[in-house]
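The values are calculated or read from the model by the stated rules, or taken from the named source; none is laboratory data. Given the structure is predicted, the values throughout are model-derived calculations rather than measurements. We place every Cβ from the backbone using ideal geometry, glycine too, and count neighbours over all the protein chains shown. Only protein heavy atoms, including side chains, enter the accessible area calculation; ligands, DNA and RNA are left aside. Shrake-Rupley method; radii C 1.70, N 1.55, O 1.52, S 1.80 Å.
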Amino acid sequence: MCTLHLRRPAFFRVLRVAVIDRFSRLHERLILRHPVVVLVCCAILVAIFGWQAQKFRLDASADSLTLAHDQSLRYYRFVTARYGSDDYLIVTFAPNVPLFGDAALDRLRALRDALAALDNIRSVVSILDVPLIQSPPVELRNFADGVRYLNDPNTDRALARDELLASAMYRDLLISKDANVTALRVDLDRDATYLSLRDRRDQLRELDYTGALTSAQARELDQVSVQFDAVSRNLVAREQQTIAAVRHVLAQYEDIATVHLGGVPMIVADSIDFIQHDLVTFGSAVIVFLIIILTIAFRKPRWAILSLANCAATCIVMLGILGLFDWRLTVVSSNFVSLLLILCLALTLHIIVRYRETHVKRPHAGQFELVREAVGHMVVPCFYTAVTTMIAFGSLLVSGIQPVIDFGWMMVIGLAIGFVFSFVLFPAGLMLFEPGEPRRQRDITAAITGFFARLIDGRIVATLVITVALTGAGIAGITRLTVENRFIDYYKQSTEIYQGMAVIDRQLGGTTPLDIIIDAPLGGSQDAPVQKVRTTDPVDDEFDDEFEDIFADDEQSGGITATSYWFNNPRLTEITRIHDYLDAMPETGKVISVATAGRLLAALDESVLSDNLMLSLVYQRLPDDVREALITPYLSPDGDQIRISLRVFESDPSLRRNALIERIGEGLTTEFGLAPEQVNLSGMLVLYNNMLQSLFRSQMLTLGAVFLAILLTFFALFRSLRIAAIAIVPNIISATLVLGLIGWLRIPLDLMTITIAAITVGIAVDDTIHYVHRFRRELAQDGSHWAAVHRCHRSIGRAMYYTSVTIMLGFSILALSQFNPTIYFGLLTGIAMIIALLANLTLLPVLLVRFAGEADARHAT
């Protein structure tokens, strides 16, 4: 055996010892000899970044739930630039008396006026404010002057009720089918700077999408986007105040109705509140919890004070970096403070345990000697544990999901800062204390970890058989993984986001928007029918005289019906067929298109849709506000592109987004003969679906990347391919079991659960490194594998137990969140840490005893 040991290349051992010795001397001279200076420098650094930390921002916008380079996002921005966004609030009003009675309408009117009187509210639209044309019926020639409103005294209320419930536009949009729920649309005010920047940005985005953007305009787009983001940040704060004021108003109307608030701005504001709550509450809770755990475990307050000072400094500096570079936290990265606290604590725990072990063995040693030895022995394994954990989080960079990528970068940088502070701030602070008397009380932790050593001693086959069986169950669970989840389920049922979305979804035509954009075929309007002479005679000469001068300047064109591909009689018929096809799908709720406007016009005069010139005349005579509501959001300015807006029932448990998107695309091409390049689907449903569909692929990519990188790191650390392969196995088993558990529990992958496996591997690898590192040292003493296992379990096993249990209990605090993915993240990560600890205390030593060659195992690191 000695021959094998001597044949190992000595160069690397000599180089390794030289590097460690060089680090020890440098660390001793710069850190341990001048602890006060080091602490003052650290305090100044933390203060500088702490000042920057006040600038960091939160982001819960739609962009934070999308893929990093999703072409659909680019198209979505183009669509919103052309047709407008859904950036408004929705208030649902369900009175406990008949909606069309005096009491309900009076309170609805008062609510509308109270909301409109608030600062930063531009307009409020309700059933009281929409034009009615059948209450009583209006003739086409009097359309511009004869529109009535429910508020008008001469409006027949019974006819108005019937019209609203039968209207292709208002039903399931402003009023439910059963007339029990109505909605108010609250448009938020936007200052001139915001509007001008947004309009210019949208214009440039449209040019970018069409490929007409010049290099100068590209630079302008970048500049305008930065300016718009700055203005938007201030706007978000103002919107949060406005939403709070809206809620205050709504609370005053709960005596007569059940009211809920919904809409994208509310979801963004509340999500930011959830992030802030999780960031502050759980960060504070983890700190308090760790103080208690450390004080109980080590019996001396110094360990809690120094450890948490080290962790807090790391988090403050990282928050300062976020503020300095305007790097925003999302729902995915909202827990990074808690995670960073726990992982930094894991580094200091290993130093503490080593210090205490040395102190027990050498009770008369001075503080300088004890700290130097603890740091010298732990710097190499802690360096590799930090590197492997950084690799695990770095693997998230290949996910392709922007918030996950940002989370990965935050943790990589944070862990690097944490490692530096753990070997600078922590030992410098420790130098200010006296060693005191070593404690020799009964160690319950050592008894627990020692039990696992006795459990596996002599039971290699049984341990391996149980591991294979559990791995098989994990693989079976992985086959049951799914990415189909509902956005509404991200929130607890007690939250207003959930309640508001549920009412809008079930009573007012669905929540998740989907836009279907259909272009004219190549050649577009050239194929549109040009009709200069009417083929029918729907109106009398008096009506003709009224409109005779409309096309005086455009006699050759015949109006919009001659120049537009879609806005003419044959195409409106086709659009109506497509509209009805989409409306008939069980997953879809409210559908609006130019066919909706066509039906409303046909209700005035059926002949309008059969005569192109008549249709063009009516289009020209529509009041501007009516045209802006019925036509502009659904027809491009040149008439060669249409937008069909529909909403999907988010609360439907049978919803399969990807299948629905594919069915719509296939149906439009096969049923209606549209070319694939004519049809584009956009909206938040598409963006969210793209993110979900990438999750499983992303999970496999991140795990593959992390295992490969960690295997190479193990090889570099242990200088043995066999030991590296043995060390990676428990971590693969742990990841398999936690993913299998997610599959068996039918918990869908989402933006947060996707990170659990990689995080588990990254943290569990720390225990693996420390155990193998200690095992090789212990084995070098007497060459007895099982004796080395027992000593490892009672020494380094204690540190592994402390860190794993602390991490598990720390993450369990996240179960108190209002955000369901955070709850799953906390509980599943805690369970995963226990699985990883058990694997490292049972399977890893068995593999080392059974498969490690003695030359591999005996070489002390």
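Given points 7 Å out from each Cα along the Cα-Cβ axis, report the residue 187 to residue 489 separation in nanometres with one decimal.
Label-label distance for residue 187 and residue 489, simple model: 3.7 nm.
Once a ≥ b ≥ c are taken as the square roots of the eigenvalues of the Cα gyration tensor of segment 719-842, is the result rounded (a/c under 1.5), prolate (a/b larger than b/c) or oblate (a/b not larger than b/c)?
prolate
Excluding residues fewer than 8 places away in the same chain, name every one of the lysines whose C-alpha is closer than 20 Å to that of residue 300.
Once the sequence-local lysines are set aside, what remains near residue 300 is 361.
Give the angle, between 0 and 90 degrees and rounded to the nearest 10, that separates the Cα long axis of helix 367-394 from the longest principal axis of the Cα atoms of the chain.
30 degrees
About the Cα centre of segment 444-504, what is the dipole size in debye to 20, counting +1 per Lys and Arg Cβ and -1 per Asp and Glu Cβ, all else neutral?
200 debye
What is the packing order of peptides 671-677, 570-576, taking the mean over residues of other C-beta atoms within 10 Å and listing the highest first? Kindly include the intermediate steps, with their values, before the conclusion.
On the way: 671-677: 12.1, 570-576: 18.3.
Order by mean packing, descending: 570-576, 671-677.
Dipole size in debye (nearest 20) for the chain around its Cα centre, Lys and Arg Cβ +1, Asp and Glu Cβ -1?
Roughly 8380 debye for the chain.
Run down the lysines and flag those whose C-alpha is under 29 Å from the C-alpha of residue 590, throwing out any fewer than 8 positions away in its chain.
Cross-link targets: 177, 492.
Once the Cα atoms of helix 756-782 and of the chain are each reduced to a long axis, what angle between those two axes, in degrees from 0 to 90 to the nearest 10, is obtained?
In the chain, helix 756-782 runs at an angle near 10 degrees to the longest axis.
Report the rotationally averaged projected area of segment 335-466 based on its alpha-carbon convex hull, in square nanometres.
For segment 335-466, the mean projected area of the Cα convex hull comes to 11.3 nm².
Probe 1.4 Å, all protein chains in place: accessible area of residue 119 in Å², nearest 10?
Roll a 1.4 Å probe over it and residue 119 shows about 120 Å².
So what is the accessible area of the chain per residue, in Å², with the probe set to 1.4 Å?
On the way: 35010 Å² over 861 residues.
Accessible area per residue: 41 Å².
Based on the inverse mean of 1/r over its pairs of different Cα atoms, what is the Kirkwood hydrodynamic radius of segment 552-652, in Å?
Working: mean 1/r = 0.0701 Å⁻¹.
Hydrodynamic radius (Kirkwood, Cα pairs) of segment 552-652 is 14.3 Å.
Set the Förster distance to 60 Å, then compute FRET efficiency between residue 437 and residue 103 from the Cβ-Cβ distance, nearest 0.05.
According to the calculation, E is roughly 0.15.
R0 = 30 Å: FRET efficiency of residue 29 with residue 296, Cβ-based, nearest 0.05?
Values: r = 36 Å, r/R0 = 1.21.
Plugging the Cβ-Cβ distance into 1/(1 + (r/R0)^6) gives 0.25.
If I take all pairs of Cα atoms in the chain, what percentage of them are more than 51 Å from each other?
In whole percent, the share of Cα-Cα pairs in the chain beyond 51 Å is 32.
Order 55, 590, 492, 177 by their accessible area, 1.4 angstrom probe, all chains in place, largest first.
Solvent-accessible surface, decreasing: 177, 55, 492, 590.
Fully extended, how many nm does the chain gain between residue 57 and residue 823 (0.36 nm per residue separation, minus their Cα-Cα distance)?
Extra length available between residue 57 and residue 823 comes to 273.5 nm.
Rounded to the nearest 10 Å², what accessible area does residue 662 show when all protein chains are kept and the probe is 1.4 Å?
Looks like 110 Å² after rounding.
Out of 213, 203, 160, whose Cα points farthest toward the positive end of the dipole of segment 153-277 (charges: +1 Lys, Arg; -1 Asp, Glu; placed on Cβ)?
Selected residue: 213.
Among 241, 631, 111, which residue has its Cα positioned farthest towards the positive end of the charge dipole of the chain, with +1 placed on the Cβ of Lys and Arg, -1 on the Cβ of Asp and Glu, and the dipole taken about the Cα centre?
Comparing the listed Cα positions along the dipole, 241 ranks first.
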